[in-house]
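Read through the structure below, which is laid out as structure tokens, and then see the notes.
The values are calculated or read from the model by the stated rules, or taken from the named source; none is laboratory data. Keep in mind it's a predicted model, so treat the numbers as computed, not measured. Here the Cβ positions follow ideal geometry from the backbone for every residue, glycine too, while neighbour counts run over all protein chains shown. Heavy atoms of the whole protein, side chains included, go into the accessibility calculation; ligands, DNA and RNA do not. Shrake-Rupley method; radii C 1.70, N 1.55, O 1.52, S 1.80 Å.
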Amino acid sequence: MHMNADQLKDYDQTYIAGTYARQDVAFVSGKGAELFDETGRRYIDLGSGIGVNTFGVADCDWIEAVTTQANKLTHVSNYYYTQPQVELARMLCKRTGMKKAFFSNSGAEANECAIKTARKYASDKYGQARPNIITLQNSFHGRTISTLSATGQEAYHKNFGPFTTGFLYVPANNLIAMESALSRGDVCAIFIELIQGEGGVCVLDKEYVQAVARTAKSLDVLLMIDEVQTGNGRTGALYSYMQYDVMPDVVTTAKGIAGGLPFGATLLGQKVKDVLDAGAHGSTFGGNPVCAAAALSTLSRIDDALLADVRAKSEYIRNELYGAPGVLYLSGMGLMIGIECGADCRDIQKRCLERGVLVLTAKTKVRLLPPLNIPFPVLEEAITILKEELAK
Ligand SMILES: *Cc1c(COP(=O)(O)O)cnc(C)c1O
């Protein structure tokens, strides 16, 4: 059965939970940074499925990695050893300095694992004395009840209580507030994004993060970084904490790690590498061979040359948009860019869509998360259109 666009919309609204304010387009295929709707119309994708399609859509190397593994073994459960999972964990540890990995299927799950790790670390060592986790106001950590609890935004909390207790929210970039919360003595971990993505692409100060890291270390409080959106090359480093010169105890990531398949990873540093023992945590699909093969292929391509390319494209976008008509200021790092435009960012998003360019929004900003390998001419074409719409 083929559905035309109107039928599709109608059935979607009838049969799919109304959680998404969808834009008025249905996609059927794509190649790289370009997507095609059912009329064959081409769109340039500056959102990559919210930072998921690291190398765009239908990338040849990615397809090869996934289909090769799918032809061998898709799933066996975590009762057994499988090679892609082990290779991936080894690669992640070697490239980050973390010591062990736990694999899951999404950002929220990666963060749940971090929360459980922090609680158990403290419980093993301090009994019930340190149950609390500090997170930042304006953060976003996921949609499950506990990761919603961790999320420091009241708007997300409405209607869903009671919540998991034990989260303390402090304002970002405010060391005094952080130290005051730590002085309670009942805190096991600090859990932060270094660039608040959903919060509006807000970058934390380097001095602040380094001071927080030092204080946390001196108090045996875990430093846990949510790299679900910032990770896997997005900011111009493999993980954004590397650009802050800090060494976290826990790193979580998901979104772009497997280049389009669901995957979450929680990386455990020296202090916590053995906290999760047999039976302490688990996931049916986590580390699934096909998804692990996709992640291996994706990560192995995020090398110094690619990261330099990400930074060069970032520079190009910033130079184009800096001071351009309709642009108040820019934020972000690498190919994670926020544009404060003073106008309604959703209007701009809609007009860009009408002109064949997909952008995202975050709070009041237009947000760009293009595929890391978007070709320069395609990027230029899209930025030219975006600039025209920002200027209106
Ligand atoms: C997207 C996101 C999440 C949630 O990831 P899901 O895969 O949707 O569960 C968590 N933290 C951050 C920083 C994110 O950007």
Per the filter on region 1-41, residues outside any loop (DSSP other than H, G, I, E, B), open to solvent by less than 80 Å² (accessible area, probe 1.4 Å) and either among the aliphatic types (A, V, I, L, M) or in contact (Cβ under 8 Å) with a residue 40 or more places away in the chain (or both) are Ala5, Leu8, Gly32, Glu34, Leu35
Looking at region 55-94 only, could you name the residues that are closer than 22 Å to Leu369 by Cβ and of a type in the set (D, E, K, R)? Asp59, Asp61
Can you name every residue in region 255-293 that is away from the ligand (no atom under 15 Å from the Cβ) and assigned to a helix (DSSP H, G or I)? Gln270, Lys271, Val272, Pro289, Val290, Ala292, Ala293
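Conditions tested, residue by residue: (1) at pLDDT below 95; (2) hydroxyl-bearing (Ser, Thr, Tyr); (3) more than 20 Å from Ser106 (Cβ to Cβ); (4) open to solvent by 30 Å² or more (accessible area, probe 1.4 Å).
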{"residue": "Gly256", "(1), (2), (3), (4)": "no, no, no, no"}
{"residue": "Gly259", "(1), (2), (3), (4)": "no, no, no, no"}
{"residue": "Pro262", "(1), (2), (3), (4)": "no, no, no, yes"}
{"residue": "Ala280", "(1), (2), (3), (4)": "no, no, no, no"}
{"residue": "Ser297", "(1), (2), (3), (4)": "no, yes, no, no"}
{"residue": "Leu307", "(1), (2), (3), (4)": "no, no, yes, no"}
{"residue": "Val310", "(1), (2), (3), (4)": "no, no, yes, no"}
{"residue": "Glu315", "(1), (2), (3), (4)": "no, no, yes, yes"}
Within the bounds of region 130-147, is there any residue that is out of contact with any His (no Cβ under 8 Å at 6 or more places or on another chain), assigned to a helix (DSSP H, G or I) and within 13 Å of the ligand (Cβ to nearest atom)? yes
Taking the residues in region 159-177 that are open to solvent by less than 40 Å² (accessible area, probe 1.4 Å) and closer than 27 Å to Arg234 by Cα as candidates, determine which candidate is nearest to the ligand (Cβ to nearest atom). Ala172
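Considering every residue within region 197-216, establish whether at least one is within 16 Å of Met242 (Cβ to Cβ), among the basic types (Lys, Arg) and away from the ligand (no atom under 16 Å from the Cβ).
First pass over region 197-216, keeping only residues within 16 Å of Met242 (Cβ to Cβ): 203-204, 206, 209-210, 213.
With among the basic types (Lys, Arg) added as a condition, the list becomes 206.
With the extra rule that they be away from the ligand (no atom under 16 Å from the Cβ), the set shrinks to 206.
Checking region 197-216: at least one residue is within 16 Å of Met242 (Cβ to Cβ), among the basic types (Lys, Arg) and away from the ligand (no atom under 16 Å from the Cβ).
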Any residue at all in region 238-254 that is surrounded by 17 or more Cβ atoms within 10 Å (Cβ to Cβ), more than 16 Å from the ligand (Cβ to nearest atom) and within 14 Å of the chain's Cα centre (by Cα)? yes
Can you report the number of residues in region 210-237 which are surrounded by 20 or more Cβ atoms within 10 Å (Cβ to Cβ), part of a helix (DSSP H, G or I) and not small (Gly, Ala, Ser)? 1
Could you list, in sequence order, all residues of region 94-129 that are within 16 Å of the ligand (Cβ to nearest atom), in a helix (DSSP H, G or I) and small (Gly, Ala, Ser)? Gly107, Ala108, Ala110, Ala114, Ala118
Criterion first (over 29 Å from Thr144 (Cα atoms) and touching a strand residue (DSSP E or B) at 6+ places or on another chain (Cβ under 9 Å)) does Phe36 satisfy it? yes
